[in-house]
Amino acid sequence: MTPLLDVRDLRVAFPGPAGPCHPVDGVSLALDRGETLALVGESGCGKSLTSLALLRLVPPPGRIAGGHVRLDGADLATLEGEALRAIRGRRIAMIFQDPMTSLNPVFTIGRQVMEVMEVHGLARGAAARARARELLVEVGIPDPDARLDAYPHQLSGGMRQRAMIAMALAGEPELLVADEPTTALDVTVQAQILELLDRLRHERRMGILLITHDLGVVAGRADRVAVMYAGQVVESGTTAEVFAAPAHPYTQGLFASVPRIHGPRRPLVPIPGTVPPPTDWPAGCRFAPRCDRRAAACDAPPALRPVAGTHEARCWLAPEVAR
Amino acid sequence: MSAAPILEVRGLVKHYLTGGLFAPPRPPVRAVQEVSFEVHAGETLALVGESGCGKSTVARTVLRLQEPTAGSARFEGTELFTLAPGPLRQLRRRMQIVFQDPYGSLNPRRTVGASIAEGIEIHRLADRAGTAARVAALLEEVGLDPAYAARYPHAFSGGQRQRIGIARALAVEPRFIVLDEPVSALDVSVQAQVLNLLQALQARRGLSYLFIAHDLAVVRQVAHRTAVMYLGRIVETGPTELLLGDPRHPYTVALRSAVPEPEPGRAAGRIVLAGDPPSPSAPPPGCAFHPRCFHPRRDARCATELPALREVAGRAVACHHADLPAAS
């Protein structure tokens, strides 16, 4: 069966002083209906740019320089104009970290949810308003009649994020791309929003691509995880596989640097150094300069290699490292 | 603890008046209500809570970056809230602050060296050659190349800028530093570097920290004692391991439960609080947490009578039903 989303060897190029650089460099992902795939990494790893590329929203002068993005078999990387608009906001919707930048401050919540339905010809007038009200109920906004006529600034951060989710749902999307949807929220509100997203994907059998820097968010909510470093997926597998035995030294380093609330308190072990910029990526393994296990083999770029089951890691030493 | 605390805050209140000259007066925003705590030499006290709980206001008021409405704060025995501007400036040498945003808190037009040297010059702690040597030593102490002194802030990553902010705070040889969400804007691997640095500096220099944070896992890593704030008040305070290991205030229980731990399966038993915190301009009567509380014994008293902080199981907690742990 074809997956809902199938990304193959996606490359994004930006012009640089010494020729183009590739902040997204050969990313492959697959996501099924009703599944949450987490794309994890730190600032500058290319995770947000990957999600923008799926919707053909790479900011110029950047461009998609190669690869495929297939939604249910149809390639989005080559669609243009009307055909692309029929997918964006309809079959694929996106929510962002800061709802204030995505909601229009001069229109009511109801108006903005209704507009999505009108643009895509799903409903209009009283029917659209009734549907918008249902959506506010579905995302857990109390007193939906009053909130339909409220402006974004009249809502709390958590309620705004719910309103943005209602807007995203208005097109009845098959795929929801959620870019750091809870990063700006307090932890108790974050827990509410993650629970909501989880419920929606089960009820609607929607695929969710969850972009996050937070391994804790991944653990609770994702079926599968892909860890990005320097423009590439360096490790992927089911959440259980990757969390039980991370195989890539970068993933292991991330786990060692996260403070924990449960279990014995232990010293944090940071990853030395910083992520190099895309203009300056090492020719061999991109993590090698920061890796305490680097060997002669690491001068050559490793491919993703199977570890066990669906678990893969882009590391020459991966199978040994995992044990 | 034996010796007198380095900082002792009693009954701190901060209200903000809203409305304006031509607007009708509105009820004041009760940002901080009757907050008391102390910080001892060489100790880290964490002040934890969600946005709007008043934790940053407490920190800024203690440094008199904002004026308090009422209360007292004694630093090494000197009352801060009535201190005249001259002596206050002198005392500020001993109390510093590091902000969350290393981008906004460094002057983009000054070299890193000039930013770090500023405090040394203001307080005349060294001559010109001595200042340059001190800047170099400070950069080295926070793990940066002394040659960076000649560069401008834009050339640095977030983690490096936070190290520069720390070097700048250390330049005047303070005893006490307010760390206002110092690692919240950093990636986890860099966050760990900065937390380790802060702990090493504390051990080496005997510093006291007031650590403002929203992340309980980070707090657990660095704080000896923790005070949890909700809607302007401290609702639970005590030794960090005790408080996070066996929280007694239902809000602390919920906050701990909401921390996303990188362990699959942990999310299952999570307590998800309903709603948002109420507005600090119209706090609920009685216990401010009662409208969101899930304690099995919550009752009419919770809605009418403000619970005082009292000693239960080795910590102070402001809950009428703290003797029975809230389900966790």
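Quick one: in the range B:298-322, of everything that is surrounded by fewer than 14 Cβ atoms within 10 Å (Cβ to Cβ) and without any contact (Cβ under 8 Å) to a residue 40 or more places away in the chain, which residue is farthest from B:Val29 (Cα to Cα)? So that I can check it myself, show each step before the final result.
The first filter runs over the range B:298-322 and keeps only residues surrounded by fewer than 14 Cβ atoms within 10 Å (Cβ to Cβ), leaving B:299-300, B:304-305, B:308, B:310-311, B:313-314.
The next check asks that each one be without any contact (Cβ under 8 Å) to a residue 40 or more places away in the chain; those that pass are B:299-300, B:304-305, B:308, B:310-311.
Values: B:Asp299: 27, B:Ala300: 26, B:Thr304: 20, B:Glu305: 21, B:Ala308: 21, B:Arg310: 26, B:Glu311: 29 Å.
Only one residue tops the list, namely B:Glu311.
Here A:Arg286 clears all of (1) more than 14 Å from chain B (Cβ to nearest Cβ); (2) assigned to a helix (DSSP H, G or I); (3) charged (D, E, K, R) except the condition numbered (2).
Taking the range B:82-101 as the range and being surrounded by fewer than 18 Cβ atoms within 10 Å (Cβ to Cβ) and either of a type in the set (Phe, Trp, Tyr) or farther than 22 Å from B:Phe211 by Cβ (or both) as the test, the residues that pass are B:Thr82, B:Leu83, B:Ala84, B:Pro85, B:Gly86, B:Pro87, B:Leu88, B:Arg89, B:Gln90. Selection of the range B:42-92 for residues being at positive phi and not in a loop (DSSP other than H, G, I, E, B) yields only B:Gly71.
Every condition in (1) touching a helix residue (DSSP H, G or I) at 6+ places or on another chain (Cβ under 7 Å); (2) in a loop (DSSP other than H, G, I, E, B) is met by B:Ile116 except one, and the failing one is (2).
Out of everything in the range B:241-258 that is farther than 17 Å from B:Pro277 by Cα and buried (at least 23 other Cβ atoms within 10 Å of the Cβ), what residue ends up being nearest to the other protein chains (Cβ to nearest Cβ)? Break it down into steps so the answer makes sense when it comes.
Residues of the range B:241-258 that are farther than 17 Å from B:Pro277 by Cα, as a first pass: B:241-248.
From what is left, the residues that are buried (at least 23 other Cβ atoms within 10 Å of the Cβ) are B:243-244, B:247-248.
Numbers: B:Leu243: 12, B:Leu244: 7, B:Pro247: 11, B:Arg248: 16 Å.
Once the filter is applied, the top-ranked residue is B:Leu244.
Just the residues that are among the charged types (D, E, K, R) and surrounded by fewer than 19 Cβ atoms within 10 Å (Cβ to Cβ), please, taken from the range A:297-323. Spell out the reasoning first.
We begin by selecting, within the range A:297-323, every residue among the charged types (D, E, K, R); these are A:299, A:305, A:312, A:314, A:320, A:323.
Correct list: A:Asp299, A:Arg305, A:Glu320, A:Arg323.
Going by the structure shown, is A:Arg294 exposed (fewer than 12 other Cβ atoms within 10 Å of the Cβ) and of a type in the set (Lys, Arg)? Considered against the rule, which asks whether it is exposed (fewer than 12 other Cβ atoms within 10 Å of the Cβ) and of a type in the set (Lys, Arg), A:Arg294 comes out as no.
Show me the helices (runs of 4 or more DSSP H) entirely contained within the range B:216-328 in which 1 or more residues are basic (Lys, Arg) and within 30 Å of A:Val218 (Cα to Cα).
Values: elements: B:216-222, B:240-245, B:250-258, B:300-304.
So the answer is B:216-222, B:250-258.
Per the conditions (1) surrounded by fewer than 22 Cβ atoms within 10 Å (Cβ to Cβ); (2) within 25 Å of A:Ala247 (Cβ to Cβ); (3) not β-branched (Val, Ile, Thr), the sole criterion not satisfied by A:Glu203 is (2). Residues in the range A:109-140 that are under 28 Å from the mean Cα position of the chain (by Cα), surrounded by 17 or more Cβ atoms within 10 Å (Cβ to Cβ) and not in a helix (DSSP H, G or I): A:His120, A:Val139, A:Gly140. For the range A:1-40, the tally of residues that are small (Gly, Ala, Ser) and under 14 Å from A:Trp281 (Cβ atoms) stands at 5. In summary, B:Asp215 fulfils each of the numbered conditions (1) within 11 Å of chain A (Cβ to nearest Cβ); (2) surrounded by fewer than 22 Cβ atoms within 10 Å (Cβ to Cβ); (3) more than 16 Å from the chain's Cα centre (by Cα); (4) acidic (Asp, Glu) with the single exception of condition (3).
Restricting the search to the range B:170-190, which residues are in a helix (DSSP H, G or I) and surrounded by fewer than 19 Cβ atoms within 10 Å (Cβ to Cβ)? So that I can check it myself, show each step before the final result.
Restricting attention to the range B:170-190, the residues satisfying the condition of being in a helix (DSSP H, G or I) are B:170, B:188-190.
Listed by number, the list is empty, since nothing qualifies.
Mind listing whichever residues of the range A:241-268 are of a type in the set (A, V, I, L, M) and surrounded by 15 or more Cβ atoms within 10 Å (Cβ to Cβ)?
If we filter the range A:241-268 for residues that are of a type in the set (A, V, I, L, M), which is where we start, we get A:242, A:244-245, A:247, A:254, A:256, A:258, A:261, A:268.
Selection gives A:Val242, A:Ala245, A:Ala247, A:Leu254, A:Ala256, A:Val258, A:Ile261, A:Leu268.
Put simply, of B:Gln160, B:Gln193, B:Gln199 the only residue that is at pLDDT 95 or above, over 30 Å from B:His320 (Cα atoms), within 11 Å of chain A (Cβ to nearest Cβ) and not in a loop (DSSP other than H, G, I, E, B) is B:Gln199. Summed over the range B:48-93, residues that are over 14 Å from B:Ser36 (Cβ atoms), away from chain A (no Cβ under 14 Å) and of a type outside the set (Val, Ile, Thr) total 23. Taking the conditions (1) more than 14 Å from chain B (Cβ to nearest Cβ); (2) under 24 Å from A:Arg201 (Cβ atoms); (3) not hydroxyl-bearing (Ser, Thr, Tyr) in turn, A:Gly158 satisfies each one other than (1).
The values are calculated or read from the model by the stated rules, or taken from the named source; none is laboratory data. All values reported here derive from a predicted model rather than from experimental measurement. In this analysis, Cβ positions are derived from the backbone assuming ideal geometry, glycine residues included, and neighbour counts consider all displayed protein chains.
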